[in-house]
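Read the structure below first, then the notes.
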Amino acid sequence: MRTAVVRVDVDPFGQLTPARLTEGMAALRELGVEVVEADLSTLPAGRRQVEVLVAGDDPDVLTAEAIVLCSKAFGTNPVPGVLTFVSRGTDDDAHGVLAGFGLAGRVQRFPSGEGWDIVEVTLRRADLARVPESRIHTALEASLNSEVRILLE
C-alpha cells in the first residue's frame, strides 16, 4: 500500500487565530491522523496547508478523506492542495508510477550483486505508442532509486 501526502489548506482566508490553528493540529492527531508537524500560524493566509499522510492508492478518495478530517479538526471549509506519494522504493511504488501513466506491467526485482537492486518492468509494446519509454523509465528510477530495465512484450 502506498502512502500519500495530501496537502490541505485549512485556513484559506486567514481567519483562524494562532491558538485555533494549534488546537486544530492537536485535534487531527487526536483523530489518529498522521501529519507532518508545522506551525501553521507562521504561514500567510492561503498557505496554511496541513500535510496529511494517508495510506491508499486513489488520489480522489485520499483527498476527500483528508478534507473531511481537516474540516472536523479545524471547523473550516478546507481547500485541497497538491497530492504526492511517498516513495520507499517498493514494488508497490513501481506499480503506482505505472498506474499514474495509465499503465500496468510486471515488476521483478533482482539483486545486482553490487549492493543495489535491478528492477525489470515488463510492459506491452502498444503502451509505448502513447507514453514515451524515457518518461516511464525516469519516473521509475526516481521512485525506486534502483537500476530500471524496461522489457517489452
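Values for this structure:
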| quantity | calculated |
| --- | --- |
| So SER41, is it at pLDDT below 95, surrounded by 16 or more Cβ atoms within 10 Å (Cβ to Cβ) and not hydrophobic (A, V, I, L, M, F, W, C) | no |
| Flag if ASP92 is in contact with a Lys or Arg (Cβ under 6 Å, 6 or more places away or on another chain) and in a loop (DSSP other than H, G, I, E, B) | no |
| Identity of the residue in the stretch 84-107, touching a Leu at 6+ places or on another chain (Cβ under 9 Å) and not aliphatic (A, V, I, L, M), that ends up surrounded by the most Cβ atoms within 10 Å (Cβ to Cβ) | GLY105 |
| Hits in the stretch 13-40 - residues which are outside any helix (DSSP H, G or I), within 22 Å of the chain's Cα centre (by Cα) and at negative phi | LEU31, VAL33, GLU34, VAL35, VAL36, GLU37, ALA38, ASP39 |
| Restricting the stretch 5-40 to residues that are small (Gly, Ala, Ser) and touching a residue at least 12 places away in the same chain (Cβ under 8 Å), the residue that is farthest from ASP92 (Cα to Cα) | GLY14 |
| Scope the stretch 57-82; condition under 26 Å from SER146 (Cβ atoms) and either assigned by TED's automatic domain parsing to the domain that holds THR138 or in a helix (DSSP H, G or I) (or both); matching residues | PRO59, LEU62 |
| Members of the stretch 41-84 that are in contact with a helix residue (DSSP H, G or I) (Cβ under 6 Å, 6 or more places away or on another chain) and either small (Gly, Ala, Ser) or touching a residue at least 60 places away in the same chain (Cβ under 8 Å) (or both) | SER41, GLY56, ALA73, PHE74, PRO78, PRO80, LEU83 |
| Matching residues in the stretch 102-119 - criterion: being outside any strand (DSSP E or B) and touching a residue at least 24 places away in the same chain (Cβ under 8 Å) | GLY102, LEU103, SER112, TRP116 |
| Pairs where the first residue, in the stretch 86-101, is under 16 Å from LEU53 (Cα atoms) and the second is among the charged types (D, E, K, R) and buried (at least 18 other Cβ atoms within 10 Å of the Cβ), C-beta under 9 Å, 6+ apart | VAL86/ARG2; VAL86/ASP93; SER87/ARG2; SER87/ASP93; ARG88/ARG2; ASP93/ARG2 |
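So that you can scan it fast, the table gives a plain yes or no per residue for (1) on the phi > 0 side of the Ramachandran plot; (2) not hydroxyl-bearing (Ser, Thr, Tyr):
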residue	(1), (2)
GLU51	no, yes
SER87	no, no
VAL97	no, yes
PHE101	no, yes
GLY115	yes, yes
THR122	no, no
ASP127	no, yes
ALA139	no, yes
LEU144	no, yes
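The values are calculated or read from the model by the stated rules, or taken from the named source; none is laboratory data. All figures in this text were calculated on a predicted structure; none of them were measured in a lab. Positions of Cβ are generated from backbone atoms using ideal geometry, with glycine treated the same way; all protein chains shown enter the neighbour counts.
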